[in-house]
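The values are calculated or read from the model by the stated rules, or taken from the named source; none is laboratory data. If you're wondering where the values come from, they're calculated on a predicted model, not measured in any experiment. Note that each Cβ is placed from the backbone with ideal geometry, even for glycine, and that neighbours are counted across all protein chains shown. Keep in mind that these areas ignore ligands, DNA and RNA; they rest on the heavy atoms of the full protein, side chains included. Shrake-Rupley method; radii C 1.70, N 1.55, O 1.52, S 1.80 Å.
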Amino acid sequence: MKAWSAALAAEIADWPNVNTRSFFGFTALYRRDKLFGLLPRTRAMETANSLVFKLEAPARQLLARLRSDSRVGSAVMKKARWFTFEMATDADLRDALDWLGRGYDAAGKRKKLS
């Protein structure tokens, strides 16, 4: 998982407005000032081979896709939806980037003022 996390962090670090920071045994991924993902360094969230991404309000179609992927788990913390993605092979890197990319996209959306 350390090698996968390093590869993902290197790829994502090249995305616009991305910052990485150490965060309690994880590499935290930020789009500007919004946290959108966590990659394990010395700790893990659910399992030793899982990463975490955040989607605050996934659309119904995306929620269905999340539920249908057996590698994805979820938790709600402080009104935000956090999802875990379980990696098992190098082939999972592509889907991991896709889910982290969705978290990145969601972190770039502005909240509507009421």
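Filter segment 45-74 down to residues that are of a type in the set (G, A, S) and in a helix (DSSP H, G or I) and give me whichever is most open to solvent (accessible area, probe 1.4 Å). Top of the filtered list is S68.
Going through T47, T84 one at a time, which residue ends up being modelled with pLDDT under 90 and closer than 19 Å to K2 by Cβ?
Numbers: T84 fails: modelled with pLDDT under 90.
When all the criteria are applied, what remains is T47.
Summed over segment 67-76, residues that are under 16 Å from L51 (Cα atoms) and either at pLDDT 90 or above or more than 13 Å from the chain's Cα centre (by Cα) (or both) total 5. Across segment 7-34, the number of residues qualifying as open to solvent by 40 Å² or more (accessible area, probe 1.4 Å) and under 24 Å from G108 (Cβ atoms) comes to 17.
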